[in-house]
Amino acid sequence: KNKMIRQIKLKDRVQWEKLYRDYANFSGVKVNKKIIQTVWNWLHDKTHKLKCLVYEIDREIVAFAIYTSMPRTLSGKNIGFLDDLFVDANFRGKRIGEKLLSKLKHIAGYKNWDFVRWISRQDNLPANKLYSRVAEKTTWDIYEIR
């Protein structure tokens, strides 16, 4: 099988959108055409910092990692922030998420980020098992004002 990790391309719209809708459904979030179009536009706007890696097997996109750079004031440098990581349910357990995180770590080195940070739901046990294997869990709590 031909496998590769690469940046998303305009030709990927249909496959990405299906996977993105699956991700939203898995996350319990309702998305509509406007939201999907906005995110798609962000991923292809050269002035926007949001990027997307895709994992492709035989020309089928089976996973994605959406990430960005963000400032870290205590170091006066940017760090990486992983917004979303999703693997199609039919392809889980094949270390695809781990491979995407490894690629993101490589990108972090290239961009001179000290680290990449992300958040995960406490009840997402399979993902958290992966994250515990490849990253260090912090002691930070997350708060939101709505």
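The values are calculated or read from the model by the stated rules, or taken from the named source; none is laboratory data. All values derive from a computational prediction rather than experimental measurement. Ideal geometry is used to build each Cβ from the backbone, glycine not excepted, and the neighbour counts take in all protein chains shown. We work out accessible area using only protein heavy atoms, side chains counted, and drop any ligands, DNA or RNA first. Shrake-Rupley method; radii C 1.70, N 1.55, O 1.52, S 1.80 Å.
Here are some notes:
- Its relative contact order, with pairs defined as Cα atoms under 8 Å and 6+ residues apart, puts the chain at 19 percent.
- Residue by residue, the range 19-35 carries 3J(HN,Hα) couplings of 5, 5, 5, 4, 4, 4, 4, 4, 7, x, 10, 8, 10, 10, 4, 5, 4 Hz when phi is fed to the Karplus relation 6.51 cos²θ - 1.76 cosθ + 1.60 (θ = phi - 60°); x denotes Gly or Pro.
- Loop sites in the range 1-77: trypsin sites (Lys or Arg not before Pro), DSSP, at most 15 other Cβ within 10 Å: Lys1, Lys9, Lys30, Lys46, Lys49, Arg59
- Global geometry of the chain, whether rounded, prolate or oblate, following the gyration tensor of its Cα atoms and the 1.5 cut on a/c: rounded
- Cross-link reach is defined here as a Cα-Cα straight distance under 20 Å, omitting same-chain residues fewer than 8 places apart; for Lys129 the aspartates and glutamates meeting it are Asp83, Asp84, Asp88, Glu98, Asp141.
- Shape analysis of the range 1-54 places it in the oblate category; the axes a ≥ b ≥ c from the Cα gyration tensor give an a/c of at least 1.5, with a/b not above b/c.
- Of all aspartates and glutamates in the structure, those lying under 12 Å Cα to Cα from Lys77, and not within fewer than 8 positions of it along the same chain, are Asp114.
- Derived scalar couplings ³J(HN,Hα) [the range 123-128; Karplus, 6.51 cos²θ - 1.76 cosθ + 1.60; whole Hz; x for Gly, Pro]: 8, 8, 4, x, 5, 5
- The GluC sites (Glu not before Pro) of the range 80-146 meeting both criteria, a DSSP state outside H, G, I, E and B (loop) and at most 12 other C-beta atoms within 10 angstrom of the site's C-beta, are Glu136, Glu144.
- DSSP assigns beta bridges within the range 56-129; of those with both partners inside it, close to 85 percent run antiparallel.
- Computed from the C-beta positions of His48 and Leu10, the FRET efficiency with R₀ = 25 Å rounds to 0.95.
- Residues with amide H under 5 Å from that of Asn78, placed H, sequence gap 5 or more: Arg72
- Cross-link pairs beyond the 23 Å C-alpha cut-off, checked among Lys49/Lys111; Lys18/Lys94; Lys9/Lys137; Lys46/Lys99: Lys9/Lys137; Lys46/Lys99
- Phi angles across the range 134-146 convert, under the Karplus curve 6.51 cos²θ - 1.76 cosθ + 1.60 with θ = phi - 60°, into 3J(HN,Hα) values of 10, 9, 9, 6, 8, 9, 7, 9, 10, 10, 9, 9, 10 Hz, Gly and Pro given as x.
- GNM result for the chain, Cα springs below 10 Å: residue of Val31, Val87, Val116 fluctuating most strongly: Val31
- Note that the chain presents 71 Å² accessible area per residue, ligands and nucleic acids not counted, probe 1.4 Å.
- Sulfur and carbon atoms: percent of accessible area, the range 65-126 [1.4 Å]: 51
- Subtracting the Cα-Cα distance of Ile36 and Asp141 from their residue separation scaled by 0.36 nm leaves 34.9 nm.
- Between the C-alpha center of the range 1-79 and that of the range 108-146 there is a gap of 17 Å.
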